[in-house]
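The values are calculated or read from the model by the stated rules, or taken from the named source; none is laboratory data. Treat the numbers as computed from the prediction; the structure is a model and nothing was measured. Neighbour counts are summed over all protein chains in view; Cβ atoms, including those assigned to glycine, are modelled from backbone coordinates with ideal geometry. For the accessible areas, the whole protein counts, side chains as well, though only heavy atoms, and no ligand, DNA or RNA atoms are used. Shrake-Rupley method; radii C 1.70, N 1.55, O 1.52, S 1.80 Å.
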Protein chains: 2
Amino acid sequence: MTASRFATTPKPPYYLVAFASQRPAGSPDDGYGAMAERMVELAAAQPGFLGVESARDASGFGITLSYWTDEAAIRAWRDHAEHTVARETGRTSWYEHFELRVARVERAYGKARRAG
Amino acid sequence: MTASRFATTPKPPYYLVAFASQRPAGSPDDGYGAMAERMVELAAAQPGFLGVESARDASGFGITLSYWTDEAAIRAWRDHAEHTVARETGRTSWYEHFELRVARVERAYGKARRAG
């Protein structure tokens, strides 16, 4: 069975941050992987963090969804000092293009198949 | 320059559907790729469709974000006959696990670097 990459989130409402980003094609790692891991570790320690889901394909295009109890938790994470430094490096070095959206989850459902 | 994988969305508020899914590891295509392309083509022809962004990594874990003007547009897409058939096949065959969330986008920003 594949290890789960899914976040376990509560009944809505809660919030998500959708971060879509393009890494330059064929770019070196440049400390990116370590930074990304560190950011997930830091985010998970923040009050109001509910979970994260992330996928990046071979072309360098990726989407990360992080889930939060409320907008105040998202603002606190935005203002976290180490996150702010990483974000600036992202803007100038790691991402060719990114789009960030903050949204209120209104409803949700899912399904996991049992291993046969 | 990499072809853009980003959706061009209006000023919030608007809605997104976040669909996270796990394809079974090492599974054959099984018509999946053609179905996924057809669904994007159909969705794009729906009233209220604003755009789509999608990434799936080598492990088969993927996230698709589709953007819509309002919840009525999302419901109409949900009830579209061909989409309903594809969704049922997804539930029973293509996805090991999926989670779908409907959310109202409250704010958004992004940045694209100029080719240098």
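When each of A:Arg87, A:Arg113, A:Arg75 is tested for being in contact with an Asp or Glu (Cβ under 6 Å, 6 or more places away or on another chain) and basic (Lys, Arg), the lone residue that passes is A:Arg113. In region A:80-106, what count of residues is obtained for those that are surrounded by fewer than 13 Cβ atoms within 10 Å (Cβ to Cβ) and either in contact (Cβ under 8 Å) with a residue 24 or more places away in the chain or under 24 Å from B:Lys11 (Cβ atoms) (or both)? Of the residues in region A:80-106, 2 are surrounded by fewer than 13 Cβ atoms within 10 Å (Cβ to Cβ) and either in contact (Cβ under 8 Å) with a residue 24 or more places away in the chain or under 24 Å from B:Lys11 (Cβ atoms) (or both). Hey, can you tell me all the residues within region B:59-78 that are aliphatic (A, V, I, L, M) and facing chain A (nearest Cβ under 7 Å)? Result: B:Ile63, B:Leu65.
Can B:Leu65 be described as within 23 Å of A:Ala103 (Cβ to Cβ), modelled with pLDDT of 95 or more, open to solvent by 40 Å² or more (accessible area, probe 1.4 Å) and not in a loop (DSSP other than H, G, I, E, B)? When the stated conditions are applied, B:Leu65 does not pass them.
Listed here are the residues, each with its yes/no results for (1) in a helix (DSSP H, G or I); (2) surrounded by 18 or more Cβ atoms within 10 Å (Cβ to Cβ); (3) out of contact with any Gly (no Cβ under 9 Å at 6 or more places or on another chain).
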{"site": "B:Ala20", "(1), (2), (3)": "no, yes, no"}
{"site": "B:Pro24", "(1), (2), (3)": "no, no, no"}
{"site": "B:Arg75", "(1), (2), (3)": "yes, no, yes"}
{"site": "B:Ala108", "(1), (2), (3)": "no, yes, yes"}
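Here is the figure for region A:1-13: residues that are under 15 Å from the mean Cα position of the chain (by Cα) and open to solvent by less than 80 Å² (accessible area, probe 1.4 Å) total 4. Look at B:Glu37 and say whether it is within 12 Å of the chain's Cα centre (by Cα) and at pLDDT below 95. Spelling it out, B:Glu37 is indeed within 12 Å of the chain's Cα centre (by Cα) and at pLDDT below 95.
When the test is whether a residue is over 17 Å from A:Leu16 (Cα atoms), open to solvent by 50 Å² or more (accessible area, probe 1.4 Å) and within 13 Å of chain A (Cβ to nearest Cβ), B:Ala44 does not pass it. Of all residues in region A:26-41 being loosely packed, with under 12 Cβ neighbours inside 10 Å and of a type in the set (D, E, K, R), which is farthest from the other protein chains (Cβ to nearest Cβ)? Selected residue: A:Glu41.
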